[in-house]
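One structure is given here, and the rest of the page talks about it.
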Amino acid sequence: MPIGTTITEYIIEEQRRIGSVSGDFTALINDVVISCKTIASAVRYGSLVGVLGAADTENIQGETQKKLDVISNNLFIKRNEWAGHVAAMASEEMTDVYHLPAQYPRGKYLLVFDPLDGSSNTDVNGAVGTIFSIMRRPEGALGEPTEDDFLQSGDHQVCAGYALYGPSTMMVLTTGHGVNGFTLDQRIGEFILTNPDMKIPAEAQDFSINASYMRFWDPPMRRYIDECLAGKEGPRRRDFNMRWAGAMIADVHRVLCQGGVFLYPIDSKLRAKHQEGKLRLLYEANPMGFIVEQAGGLATTGEQRIMALQPVNLHQRCPVIMGSRNEVERIISYHLEAQ
Ligand code: P6P
């Protein structure tokens, strides 16, 4: 039975082609892939194994954690802490940098992740996923990594990807040389290359935004959405669709597959809470922005390119506007006109 290119073969071929990365890099991505397969398995059994519902804990974001948030975070840590490929890790679900147990060797990479993005969907059988980003530990850094070691702009990422636990389980990866999608073949337990060289169409007819916050939006975002809603009779002279999955990975995956724009802008409600956005820079906006840019799209705050932002703390938030080039450029122009 021909099975196509497995994700492991793809990663090794990438290592040979790039040349500058070591077997460590390949082995780390492989461990991340196994982490995602393990999380996929935990998610799939849902109520059957009692993993749904809320845990009795809160994360640094002040959000009540789902049981699967905690399970997924622990699975990621256990799988990636022992092999000697990472120097430390950071997660949406952990307040501080995770330092490896003393007995494990330290590697040269930093791994940052959102172990279960969209976890509010778990109890309603909605799409959820895992987002991860790999950076190099700063040259010459000694001792245990500090938070400062993680505070690198998105342009420093060496790999980013996500797993989408939907009707099929998919992984989408970039190492800076394009974007490739893999589908888990449950028969053999391997991710198979199914979406080579993914490219986001420059034009789009879908937009993704939580429209319940419309009254809080800034004028440029309000103008863009109003024009989309006006359809053929409005200035855009064509109709648009709105899609909102409640999970960034699902909405951005749709953008990757068929074009569109994903929007989680800054608004007056977030400013009132002294937040610069809803989504987190290091483990949501940067990795997804890396993928979107590598697929020919754009990723901006409305005023700045996301991957150029200099992080100031692990759990920093930022506005997120990403997807089809022509639509994002239009939104940027509306922000410039409003200045
Ligand atoms: P809202 C999930 O909690 C998340 O971080 C993203 O995956 C998702 O796009 C967004 O928040 C949903 O936010 O305000 O619509 O619940």
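The values are calculated or read from the model by the stated rules, or taken from the named source; none is laboratory data. Being a predicted model, the structure only gives us computed values, none of them experimental. Positions of Cβ are backbone-derived with ideal geometry, glycine not excepted, and every protein chain shown enters the neighbour counts. In case anyone asks, the SASA skips ligands and DNA or RNA and just uses the protein heavy atoms, side chains included. Shrake-Rupley method; radii C 1.70, N 1.55, O 1.52, S 1.80 Å.
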## Note on the structure
SASA check, Ile71, accessible area w/ 1.4 Å probe, all protein chains in place, rounded to nearest 10 Å², comes out at 60 Å²
### Task
Note down the accessible area of Thr300, probe 1.4 Å, to the nearest 10 Å².
10 Å²
### Message
Can you tell me the convex hull volume per residue for the chain, based on C-alpha atoms, in Å³ to the nearest whole number?
### Response
144 Å³
### Partner aspartates and glutamates for Lys199 [C-alpha distance under 13 Å; skip if fewer than 8 residues away on the same chain]
Glu293
### About the Cα centre, charge dipole magnitude for region 7-195 (Lys/Arg +1, Asp/Glu -1 at Cβ), debye
640 debye
### Query
Given only helices, namely DSSP H runs of n ≥ 4 each adding -39500 (n - 2.57), what is the per-residue ellipticity at 222 nm of the chain, to the nearest 500 deg cm²/dmol?
-9500 deg cm²/dmol
### Task
Restricting to region 206-338, compute how many DSSP beta bridges are antiparallel as a %, nearest 5.
75 percent
### Cross-link partners of Lys78 among lysines (Cα-Cα below 20 Å; sequence separation of 8 or more within a chain)
Lys37, Lys66, Lys67, Lys108
### Message
Over the Cα atoms of region 9-76, each weighted equally, I'd like the Debye log10 I(q)/I(0) at q = 0.24, 0.25, 0.26 Å⁻¹, rounded to two decimals.
### Response
-0.96, -1.01, -1.06
### Task
From largest accessible area down, sort Asp114, Asp218, Asp96; use a 1.4 Å probe on the protein chains.
Asp96, Asp218, Asp114
### Given charges at Cβ of Lys, Arg, Asp, Glu: the chain dipole, positive-most of Ala141, Gln152, Ser268
Ser268
### Task
Would you kindly find the accessible area of Asp197, with a 1.4 Å probe and non-protein molecules such as ligands, DNA and RNA excluded, rounding to the nearest 10 Å²?
90 Å²
### Message
Quick check on region 7-195: take the gyration tensor over C-alpha atoms, sort the square-rooted eigenvalues as a ≥ b ≥ c, and tell me if it's rounded (a/c under 1.5), prolate or oblate.
### Response
oblate
### Message
Can you compute the charge dipole magnitude of region 206-338 about its Cα centre, using +1 on each Lys and Arg Cβ and -1 on each Asp and Glu Cβ, nothing else charged? Give it in debye, rounded to the nearest 20.
### Response
220 debye
### Message
I'd like the distance separating the alpha-carbon centroids of region 97-169 and region 295-339, in whole Å.
### Response
21 Å
